[in-house]
Amino acid sequence: RCADDMARSLPQLPGFEIAGRVGEGAGAVICRAIRRLNREAVAIKHVDNTEGDQEKFVIQAENEYEIAHELDHPYLRKYHEIVRVKKWFKTKELYLVMEFVDGERLEDRVPPALTDRVKIFMDVAEALHAMHKAGYVHADIKPNNIMLLANGHVKVIDFGQSCKIGHRKERIQGTPDYIAPEQLNRHPIDHRTDIYNLGATMYQVFTGKHYE
C-alpha cells in the first residue's frame, strides 16, 4: 500500500504523519511515521479490532508493550507509548508507538565475515541478559527479529511472545525452526528458552541449515 493508504488506515492517531508501511504480522500492520511535535521518526504497530475477531492480537500487543516498556538497553527496541481507541469499554483499535529501527534483518543479510557474525551474537546475548535481569524472556529469538544497524550493533525487536520468567503459556507459541522443547510442551519458560532459540539461530546463520 502507498503512504496515502496507510494514512487512511490510521485515522485515529493524532500527532503523527504516516510515512509508509514497513511490515505486518500477528494481526497487526507496522508503518513508519513522523511525530509532528519534534519530527522524530517512529514505528507504529496498529491492531484493528473493529470486526471483533482480533481480540487475541490486542491482548498480545498490550502484553508486548507492558514488557518492552520495562526494558532499557541499547540493543533492545524501545517502546514509547500505547494508544487505545475504545467503544463500549472495548478496545477497537490499538497503536504501539515504537523506536524506528533503521537497519536490515539478519534473515535478509548475513555478514560474510566470521568476526562480524560472532559480534552480532555477542550483542544479542547481551540484550537477552538485560531482559533476564529484568525478569523477562523474549521467547522468539530468530534471524527475523535481529536487526543489523549501520553502527555495527544490533537491535532485538518484537516482544509479542515475551513473558515473565517462569510463565506457562496456555497455547504453543514460537517459530518452528527455533522453538524450544518447553515451548512445544507448554512447560514454564525461563532464560534457557532464549538460550535454545539463540543457539538454533546461530546454527542456522553459521551453517545455512535449520537445526533438526
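The values are calculated or read from the model by the stated rules, or taken from the named source; none is laboratory data. These figures come from a predicted structure and were not determined experimentally. Here the Cβ positions follow ideal geometry from the backbone for every residue, glycine too, while neighbour counts run over all protein chains shown. Just the protein is used for accessible areas: all its heavy atoms, side chains included, with ligands, DNA and RNA removed. Shrake-Rupley method; radii C 1.70, N 1.55, O 1.52, S 1.80 Å.
At-a-glance table
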quantity	calculated
Length gained when the stretch His167-Asn63 is fully extended (0.36 nm per residue, less Cα-Cα span)	36.1 nm
Reduced Cα scattering model of the range 31-92, Debye log10 I(q)/I(0), q = 0.19, 0.22, 0.27 Å⁻¹	-0.85, -1.03, -1.20
For the range 156-162, 3J(HN,Hα) per residue [Karplus equation, 6.51 cos²θ - 1.76 cosθ + 1.60, θ = phi - 60°, Hz, x = Gly/Pro]	7, 10, 6, 9, x, 10, 5
Under 23 Å from the Cα of Lys78 - lysines, other chains or at least 8 residues apart	Lys45, Lys56, Lys119, Lys133, Lys142, Lys155, Lys164
Heavy-atom surface of the chain, accessible at 1.4 Å and reported per residue (Å²)	53 Å²
Given 12 as the ceiling on other Cβ atoms within 10 Å, longest exposed-site-free region of the chain for chymotrypsin sites (Phe, Trp or Tyr not before Pro) in DSSP loops	90-212
Full-stretch length increase - His129, Ala41 - with 0.36 nm per residue and alpha-carbon distance subtracted	28.9 nm
Gaussian network model of the chain, Cα within-10 Å springs - most flexible of Val97, Val42, Val22	Val22
Apportionment of accessible area to carbon and sulfur, the chain, percent (1.4 Å)	50 percent
Within a Gaussian network of the chain (alpha carbon springs, distance under 10 Å), most fluctuating of Ala26, Ala43, Ala68	Ala26
Span from the the range 131-177 Cα centroid across to the the range 48-118 one, whole angstrom	11 Å
